[in-house]
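The structure appears below as C-alpha cells.
Values quoted throughout were computed directly from the atomic coordinates according to the rules given, and no laboratory measurement underlies them. Because the structure is predicted, anything quoted here is derived from the model rather than measured. Cβ atoms come from the backbone with ideal geometry, glycine included; neighbour counts cover every protein chain shown.
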Amino acid sequence: MLTLNGIGASPGTVEGTLFCYHRKVYSGPSRPVGSPEQERERFRAAIRQADKQLRQLFQDTVSDADEDCAQVFEIHRMMLEDQDYLQAVEELIGKGNKGVESAVEEAARIFSNTFLSMDSAYMQARSADVIDVSLRLLRILRGEEEKPLTLPYPVILAADDLCPSETVQLDKKKLIAIVTAEGSRNSHTAILAKTMGIPAVVRLGDVITDEMHGKHAAVDGSSGTLWIEPTEEICRLIHEKTMDLDERRQQLMQYKGLPSVSRDGVSVKLFANVGSLEDCEAAVENDAEGIGLFRTEFQYLSASACPGEEELFRLYRNALQTMDGRPVIFRTLDIGADKQAPCLPLPPEENPAMGMRAVRLCLTRTELLRTQPRALYRASAFGRIAIMVPMIASVWEMQEIRKAASSVCRDLGAEGLAYNPNVPLGTMIETPAAALISADLAKEADFFSIGTNDLTQYTLAADRQNGSIHLFYDARHPAVLRLIRMAAESGAKAGIPVGICGDLAADLTMTDFFLASGITSLSVPASMILPLRERVRSLTVGGWEPDLNKTSGRG
C-alpha cells in the first residue's frame, strides 16, 4: 500500500479504480518562423477560430441544461478579447526570431504567474483559465484536434491538473472522485467536485505515475489522503466512514420541508450563501428558504471587461427563476482589498482592507451605480429580490445609495421597462461604525445583514487573510458579540429584519445566541442548511441569556 497526502478539496470517501490522465502535448515537426507580420496574422486567425469553438461549446453545454458550467466558455471568450494578453503576445512575436507559438507560451506563463502571485485564492484559480485559453490557441496553431477526455467507466480520475474546459466536458456519471498533483480548493475542479458531492484531493505533488493506472485506490476528501492498493483495514475504515456519512445524510433528510422553529416557537429563516447559478441549484436541493447572500462580484473578478447590463440582468433573472419564488438578497459589488478585478484596476494601497473597496468604490465611480442597479431592478420583475450594500460606515453613504436607486427606477419607468418599485434595500453591518450607529441606519435601511467576517476583522484589527495571526482573529470575542447584539436590538426597535451572513452563522454552537438576540435569518453554505435546521429545532430559547463577557478561550 502507498499512502499519499495532499489537500482535501471536497469531503467524502470512496473506493474505485484509478484512471491516470496526462494531457497530450503536440510534438509534430517544427515550422519555419515567418515574418513578424505573418506570425501576427496567424495569431489573429487562431483567435477567430478559438472564438468560434468557444461559442459552439457554450451552445452545446447550454443545450445539455448546464448553463452555469457553460459560463466557463464565456469567460474564455472574454479572455480572447483581453487587450493586455493580446498585446503581450503580439509584442513577443519577432523578438529573438520568436514565432507565434513561442509567444503564446511565454505570455501564458507571464499571465498565469501574475494570477498565482495574487493574495486572493479566487484570483489564483484564474491562472488555470489563462493556461486553458492558451492551450486552445496552441492546438489551433499546430493543427491539433481537440479531443475531450473520455472515461471508460466510473473511476477515480488522477491528473496533473484539469483545465476548466476539460472539467466541464467530463462525463459526470463516470466520475466518483478526483485527485490532482496541482490545483487548489478554489479551482474549477474542486468546485465541480463539491457540486457533485464527490471527494477531491488536490496538490498531491508529482507522485502519481502511469504505473498506477488501473490500480485499486481509496480517497478521503476530508483528510486529503489517497491510498494506492489500500489494505483490507483501510478499505474497512473507508467503508465505515462512507456508511456513517450516508447515514448522517439520510438522518438530515427528515428535516427537509420542516419549519425552522425552536421547541418554544422562535422562528428563523435559513438562507444560503451563493455566487453562481450552480450554487442556487444546490441551495434548492438542500431546502434553503432563500438566498441570504448572492455574491455579485464573481462576475467581475474573472472578466477582462466589466460585464454589461444585459449580461448581469440575465444572470440575476436566472437566479430568481432557479429559486422559484424564494427570496434572493443580492449584495452589490464588493471589489477591493483581497478581491481585485482586472476590469476595475485599482492603484496599490498601503492598507487595501481599509481603502477603496465595496460601497466606496461604487460611490466614487458613478457608472457602477447604474449598470448593476439597473440589472438588479430589471430582474426584480421576475422574483422576490432584495439588495444589500456592503461596507457601510456612515448614514450619508446609505442615503446616496437610495438616491442612486431612485434615479435608476425613474429611468427604467421612463423607458417602459418592467421592475418592482418596492425592492427592499438593506445595509450590511460589517464595520464597528455601522453597528454603533445602527439605530440611525435603521431609519434608512429596510433590513440589516451582519457580515461577521469583516466585522470581526475590523473590530479586532486582525487581518482575516493573514494566517499567522489566526490566534487573534476570534469571531466570538465579547466586542464582536456585543456589536451583533447592538445591531439586532436596533433592528428590532425599528421593526426591520436582521440576519447574519458571515461564517459565524454556520457555527452551531452560536445558534442559541443568535435566536436569543432576535436574529431573524441565518445565511450559510447550502450544505449547512439541514444541520442548522436540526440544531434550531432542538433548542429552547426562552429565558436564555448569553454571557457577553466570556471569550472563546483563546489567548
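Convex hull over the alpha-carbon atoms of the chain: what's its volume per residue in Å³? Spell out each step's value before the answer.
Numbers: hull volume 95.6 nm³, N = 555.
Spread over its residues, the Cα hull of the chain gives 172 Å³ apiece.
Between R482 and H22, the contour length at 0.36 nm per residue exceeds the alpha carbon distance by 160.2 nm. Inter-label distance, K174 to T3: 3.3 nm, where each label sits 7 Å from its Cα along the C-beta direction. Take the Cα of A492, go 7 Å toward its beta carbon, and the backbone nitrogen atoms of segment 404-427 under 20 Å from that spot belong to 427.
Filter the GluC sites (Glu not before Pro) in segment 344-403 to those in DSSP coil with at most 15 other Cβ atoms within 10 Å of their Cβ, and list the result. It would help to have the intermediate numbers written out before the result.
Details: sites: E349, E350, E367, E397, E400; in loops: E349, E350, E367.
Counting only loop positions with at most 15 other Cβ atoms within 10 Å, the GluC sites (Glu not before Pro) in segment 344-403 are E349, E350, E367.
Relative contact order of segment 258-538, please, whole-number percent, based on alpha carbon pairs below 8 angstrom and at least 6 residues apart. All intermediate terms of the calculation are to be shown ahead of the outcome.
Working: 538 pairs, mean separation 59.3, N = 281.
Across segment 258-538, relative contact order equals 21 percent.
Listed by Cβ neighbour count within 10 Å, with the fewest neighbours leading, C306, C163 appear as C306, C163. Shown is the FRET efficiency for A418 and E146, computed with R0 = 51 Å from the Cβ-Cβ distance and rounded to the nearest 0.05: 0.75.
Look at where the Cα atoms of segment 38-61 and of segment 398-459 average out, and the two centres are 42 Å apart. The helix-only estimate of mean residue ellipticity at 222 nm for the chain, built from DSSP H runs of length n ≥ 4 each weighted as -39500 (n - 2.57), is -13500 deg cm²/dmol after division by the residue total.
Placing dummy labels 7 Å off each Cα toward the beta-carbon, the span from W396 to C235 is 7.2 nm.
Arranged by the count of other C-beta atoms within 10 angstrom, fewest first, what order do H213, H22, H477, H76 take? Before the final figure, lay out each step's value.
On the way: H213 15, H22 11, H477 19, H76 24.
Ranked by crowding around the Cβ, least crowded first: H22, H213, H477, H76.
Sequentially through segment 128-141, phi angles give Karplus couplings (6.51, -1.76, 1.60; θ = phi - 60°) of 5, 5, 4, 4, 4, 5, 5, 5, 4, 4, 5, 4, 5, 4 Hz, Gly and Pro residues having no value and appearing as x.
Using 1/(1 + (r/R0)^6) with R0 = 25 angstrom and r between the beta carbons of E81 and Q56, what's the FRET efficiency to the nearest 0.05? Write down the numbers at each step before the final one.
Details: r = 17 Å, r/R0 = 0.69.
Approximately 0.90, to the nearest 0.05.
Run the numbers for D324 and D160: contour at 0.36 nm per residue of separation, minus the present Cα-Cα distance, in nm.
Numbers: separation 164, 0.36 × 164 = 59.04 nm, distance 3.96 nm.
So the extension gain works out to 55.1 nm.
Rg and Dmax of segment 258-538, based on Cα coordinates, read 18.0, 55 Å.
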